[in-house]
Amino acid sequence: MALAHELDKSVETGSLSDESKGLTYGELIRDYEPLPDTKWRFGKPNYARVNKFYFQNRTMKHKEGSLEAVVQNLVKNWEVESHHIANPHQWKTMDVSKFQAAVNGGCPCNAQLMADVGPYNMLIGETADYTGKVSFEDSNKNFSSSLPEGFAFEVLEVYSGPPTVTFKWRHFGKMSGTFTDRNGKQHKGNGEMLNLIGMCIAKVNEELKIESLDIYYCPNDMIKPLLGK
């Protein structure tokens with residue numbers, strides 16, 4: 001997501017900047033265009049910092065127009081909506097009438113629930129050191145504080161194309177900030193790279209709108225490093 005401390009709540013509408021789209025680096029990695037009446041949840045997102053980190057630390061450079069590039073762009077656009085647009089009826093990357101997401105075969109959540117609790121809480125849930133019961137805004141602030149250069153995303157491999165897209169992904173960020181665990185204890189990062197690897201099976205329709213996401217990864221692989229473990 002765009003970093004919480006770089007959001008300007010006074011700017012509620014408008015398109016993403018060329019820098020947020022990646023164009024200043026010579027690549028279009030996020031081509032999201034909001035509907036005319038869309039209001040940004042916390043202010044218009046600014047992806048400048050996370051894009052810089054992405055281009056400096058990615059491991060894959062996909063050919064323009066390739067299946068990998070198309071899937072990666074779709075996921076980045078999905079992230080724009082799920083983090084930064086509160087009203088699911090203004091979402092374009094998902095068929096909200098059908099959408100559901102599940103982690104590790106667990107109970108699926110629909111579009112409205114994800115909009116209410118936020119992607120971090122939905123994807124992590126309850127662990128020994130993190131609770132998904134914190135607010136949407138507090139979870140975003142916590143991970144923006146923990147990973148102050150951003151938590152970048154890349155598609156590593158795509159194993160099958162539409163309508164059932166199966167792919168391997170990587171989330172990565174430098175642990176140079178401060179993470180607050182479920183008990184309120186703060187943990188200063190050691191500056192090392194957090195690498196999170198997972199799989200996803202996404203079902204999409206003919207318009208490439210997402211109908212479901214089945215995500216597989218170990219939440220503790222994300223939380224434990226933030227505790228210095």
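Observations on the structure shown:
Each row is one residue, and each column tells you yes or no for (1) touching a strand residue (DSSP E or B) at 6+ places or on another chain (Cβ under 9 Å); (2) of a type outside the set (Phe, Trp, Tyr); (3) open to solvent by 30 Å² or more (accessible area, probe 1.4 Å).
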position	(1), (2), (3)
Gly43	yes, yes, no
Asn46	yes, yes, yes
Tyr54	yes, no, no
Ser66	yes, yes, no
Leu74	yes, yes, yes
Glu79	yes, yes, no
His83	no, yes, no
His89	no, yes, yes
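- Residues of the range 62-113 satisfying the condition of being in contact with a Leu (Cβ under 7 Å, 6 or more places away or on another chain), among the aliphatic types (A, V, I, L, M) and either part of a helix (DSSP H, G or I) or over 20 Å from Pro163 (Cβ atoms) (or both): Leu74, Val103
- Asn183 vs. criteria open to solvent by 20 Å² or more (accessible area, probe 1.4 Å) and at pLDDT 95 or above: yes
- Filter result (open to solvent by 20 Å² or more (accessible area, probe 1.4 Å), part of a strand (DSSP E or B) and in contact (Cβ under 8 Å) with a residue 12 or more places away in the chain) within the range 119-165: Phe153, Leu156, Glu157, Val158, Thr164
- Hits in the range 209-226 - residues which are in a loop (DSSP other than H, G, I, E, B) and surrounded by 16 or more Cβ atoms within 10 Å (Cβ to Cβ): Lys209, Tyr217, Pro219
For every residue, the table says whether it meets (1) more than 24 Å from Lys209 (Cα to Cα); (2) charged (D, E, K, R).
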{"position": "Asn110", "(1), (2)": "no, no"}
{"position": "Pro119", "(1), (2)": "no, no"}
{"position": "Ala128", "(1), (2)": "yes, no"}
{"position": "Phe143", "(1), (2)": "yes, no"}
{"position": "Lys174", "(1), (2)": "yes, yes"}
{"position": "Gly184", "(1), (2)": "yes, no"}
{"position": "Lys188", "(1), (2)": "yes, yes"}
{"position": "Gly191", "(1), (2)": "yes, no"}
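The values are calculated or read from the model by the stated rules, or taken from the named source; none is laboratory data. Just so you know, these numbers come straight off a predicted model, no measurement behind them. With ideal geometry, Cβ positions are generated from the backbone for all residues, glycine too; neighbour counts draw on all protein chains shown. Protein only, heavy atoms only, side chains kept; ligands, DNA and RNA dropped before computing areas. Shrake-Rupley method; radii C 1.70, N 1.55, O 1.52, S 1.80 Å.
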